[in-house]
Ligand SMILES: [Ca+2]
Ligand SMILES: [Ca+2]
Ligand SMILES: [Ca+2]
C-alpha cells in the first residue's frame, strides 16, 4: 500500500456505490472467479493491465482532469478488482492512458461522470487481446433511464490519438459523444466484430419524439480495419476533418453509415463475400467504394461528393443511387458477373460513366 501511495495510487476499500456487501465465504469464492487489473502510474502515463480472466472496469473522469477513477464491474462471473480493490483513484495522470486487458472476455468503458467530461491529456490506447471483448468510449445521453442528468456527463475528450485493437474473438466497440484531436485507428482483428457509433438518444423533453445527437468529432485521419469474419460498421453523426478509411477483409461486411461528414476522402474496401453498404447523408470530397468479389449490395442515398467511384468487382452486384449529387465526376462499374444500377429520385451525377451494369428503369 505504501508503494501504491508513492506511485500516486490511492486504493479505496469501501465500495463507492451501493454494491452488495459480500460475506467472507462469498468473498473467497469471488476471488477465485474474478479477475484483477493492475493500474500503474509512471511519469504521468497510466498503464492498466488485465489478467487472463474476463476483466470489466470503467475508466472515469473526475472534477480534476489529472485524477482518474477506475471502477471494477461484474464481468465473466465475478467483480473485477483494481489493484485488489473494488475501485481506485489515481492522481497525476498527465499523459497517455494505456490499457491491455489480455485474454478472456473483457469489458472496458471510458466515460465522464457526474457532470464532468472525461479528458485524456494525451493518447488513449486500448488493446483487449483474444476473447469476445467490448470497448465503450463515451455514451449518447445520460446513463439514468429518465435522462435527467447532463449529457456532458458522458462525454470524452481525447487530446491525442485514439487506438483500439481487439484481436481475435467477436468484439463490440461503441463510440459516442467523443472528440479525438488526432488520429483514430481501430483494428477489430478476426471474428465477427461490430463497430458502432450509437450517437443518438431520446430527447429528455417528452413533448416530442426528437432525438438528441451526441456526435463523434475526429480531427485526424480515421482508419477502421475490420479483419476476417462477418463484421458490422454501423452508426451516425461522425465528423472527420481529414479522411475515413474502412477496410474489411474476408467474411461478409455490413456497413451502414448515416449523417457522416468527412472533409477530404472516404474509402471503403471490402472482401470477396456478399457485402452490404448503405450510405445515407454521407458527405465528403472523394468517395471511393470497392467491394471486390461476391454479389454486393450498395445503396448511396442523399450523398454529396466532388467525385464518386464505385467498383463493385466480380459477382452480380446491385447498386442503387438516390438523391445524390456529384460536382466533378461519377464512375460506377461492375466487373465480371454484371449486375444492376438503379438511379432513383433526383440525382445530379456529373460526367456519369458506367460499365458492366444493366441500368434499371427509374421507378421513383
Ligand atoms: Ca482479461
Ligand atoms: Ca480479451
Ligand atoms: Ca475480433
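We did not get these values from a lab; they are worked out from the coordinates using the rules stated. A quick note: this is a predicted structure, and the numbers were derived from the prediction, not measured. Don't worry about glycine lacking a Cβ; one is built from the backbone with ideal geometry, like all the others, and counts go over all protein chains shown.
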(message) With 10 angstrom as the radius, rank 161, 305, 346 by how many other C-beta atoms surround their C-beta, starting from the fewest.
(response) 346, 161, 305
(message) Order these by the 10 Å Cβ neighbour count, fewest first: 188, 178.
(response) 178, 188
(request) Assuming R0 = 22 Å, can you tell me the calculated FRET efficiency for the pair residue 360 and residue 336, based on Cβ-Cβ distance, to the nearest 0.05? (result) 0.65
(request) Describe numerically, in nm with one decimal, the distance between label points set 7 Å from Cα along Cα→Cβ at residue 290 and at residue 353. (result) 1.6 nm
(request) Give the residues of region 220-240 whose amide nitrogen is closer than 15 Å to a point set 7 Å from the Cα of residue 264 in the direction of its Cβ. (result) 220-224, 240
(request) Can you check how the C-alpha radius of gyration of region 289-364 compares to 2.2 N^0.38 Å, as a plain ratio? (result) 0.99
(request) For a quick protection proxy, order the peptides 332-341, 306-315 by their average other-Cβ count within 10 Å, most packed first. (result) 306-315, 332-341
